[in-house]
Amino acid sequence: MGKKMSEAAFLEAEKYIAGGVDSPVRAFKAVGGDPLFIQKGKGSKIYDIDGNEYIDYVGSWGPAILGHAPEKVIDAVRKVAERGLSFGAPTILETELARRIIKAIPSIERLRFVSSGTEAAMSALRLARGFTKREDIVKFTGCYHGHVDSLLVEAGSGAATFGNPTSSGIPKDFARHTIVLPYNDIDACQNLFKELGETIACVIVEPIAGNMGTILPNENFLSALREITLKYGSLLIFDEVLTGFRITYGGYQNLMGIRPDITCLGKVIGGGMPVALYGGRKEVMSLVSPQGDVYQAGTLSGNPLAMISGIETLDILRRENPYLSLHQTTEKLALGLEEEGKRSNLPVKASFIGSMFTLFFCDKMPGNFDMVNRCDTSLFSMYFKGMLKNGVYLPPSQFETNFLSCAHTEDDIRKTIDISKEVFKDIKR
Ligand SMILES: *Cc1c(COP(=O)(O)O)cnc(C)c1O
């Protein structure tokens, strides 16, 4: 497969765009090589500008749950575009999407749309601090909540990939109020609260960690967080930017039966357009400006194109309820890959839930970031490159989640497993 056009495009992009990409995870730094430039996508496939076809497991890093360019969504967006792109005044579309979300997630009584998950997490923290009049926050190692200054401490995703958990450019004073605990370690959390509970504004957590690879919460982890935060008057924030409407119609919290005080959503709820939100109890959300004194704003928040894309996407998901079938397809793929890897004597562990999975090159199934860091990233790089060469586009890092969509077919799954079988044979430990 040729890569000439992509190579030339990257050289050209580097002349104008910092590092040639608008988000670091798009570069292939962690695995070596240059990124592909994408021409178009349809269903489970993407096509680069050299005309190569790939089965895509990045799914725009989460949003593309219906597959690429779903006709109904594209048509609806086109229609709304003809009426104008943005007004900076309310439209009915915002209420339409908000109503759907509030109906689907009981803990959200009021919400505010923003344009990125980063903004949602940042605003949720400000609100939690405003509500509790406390300053300290708790996050977990390997969880990523966007590139908010005070949350870029031992974060996952791109930050993990580059072994550079704390970004430069963040004053020590900002990070001073961020307390970092290991994911899945409820004792550590209990001990911390015994000592400092009265100063902690909130605990923010990915209820399924997706930004250090897919890591499931231990059985009582999330309910214990709920109990501890209630006991000490801290707020619990579920960052469901990744998991919202991906595991079930609603949040992962629906399945767990847990009501966080604030929830962040993004990715799937915009169906590929820039939509995110934070929302929660009426009492908490009433502090947001203009009702309250916690300021937060956005020129393009609730943008009509983004709203209609979200509305159409959610309506399709509600109607078709693809979640069980997605989980079954994902299970088949993840276990199939694991089996082929083991046959080639590779240390592989498949972690999966819903339509998310990671194949860890690790002797033991990781349950937190320390364990993920013991995975063999050079084996992963060989695997990634072999799959790419044979038409399978995986996230270019061991510390990321693969996403399936409703458009992935049995044939895609079988092909992916068949290709992996050959790729694994060529990997030398
Ligand atoms: C992607 C992600 C974010 C950041 O969202 P952006 O839209 O990229 O700013 C925040 N939290 C989680 C859990 C995410 O997966």
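The values are calculated or read from the model by the stated rules, or taken from the named source; none is laboratory data. Just so it is clear, the structure is predicted and the values come from calculations on it, not from any experiment. As a convention, Cβ positions derive from the backbone with ideal geometry for all residues, glycine included, and neighbour counts pool all protein chains shown. With ligands, DNA and RNA removed, areas are computed over all heavy atoms of the protein, side chains included. Shrake-Rupley method; radii C 1.70, N 1.55, O 1.52, S 1.80 Å.
Computed quantities for the displayed model
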item	result
Of T299, F87, P35, farthest towards positive along the dipole that unit charges on Lys, Arg, Asp, Glu beta carbons give the chain	F87
Percent of alpha-carbon pairs separated by more than 33 Å within the chain	32
Per DSSP, loop GluC sites (Glu not before Pro) in the range 208-280 with at most 14 further Cβ within 10 Å	E219
Filtered chymotrypsin sites (Phe, Trp or Tyr not before Pro), the range 47-106: DSSP coil and at most 16 other beta carbons within 10 Å	F87
Cleavage-rule hits (chymotrypsin sites (Phe, Trp or Tyr not before Pro)) in the range 284-363: DSSP loop, at most 15 neighbouring Cβ within 10 angstrom	Y295
Cα-Cα over 32 Å, subset of K267/K389; K15/K385; K79/K282; K29/K364; K45/K79	K79/K282
Fraction of beta bridges assigned by DSSP in the chain that are antiparallel (%, nearest 5)	60
Whole-percent carbon and sulfur share, accessible surface of the chain, 1.4 Å	52
Gyration tensor verdict on the range 177-327 (Cα atoms; rounded if a/c is under 1.5, prolate if a/b is larger than b/c, oblate otherwise)	oblate
Per residue accessible area of the chain, 1.4 Å probe, in Å²	44
Nearest-0.05 FRET efficiency for K428 and E12, computed from C-beta distance (R0 41 Å)	0.70
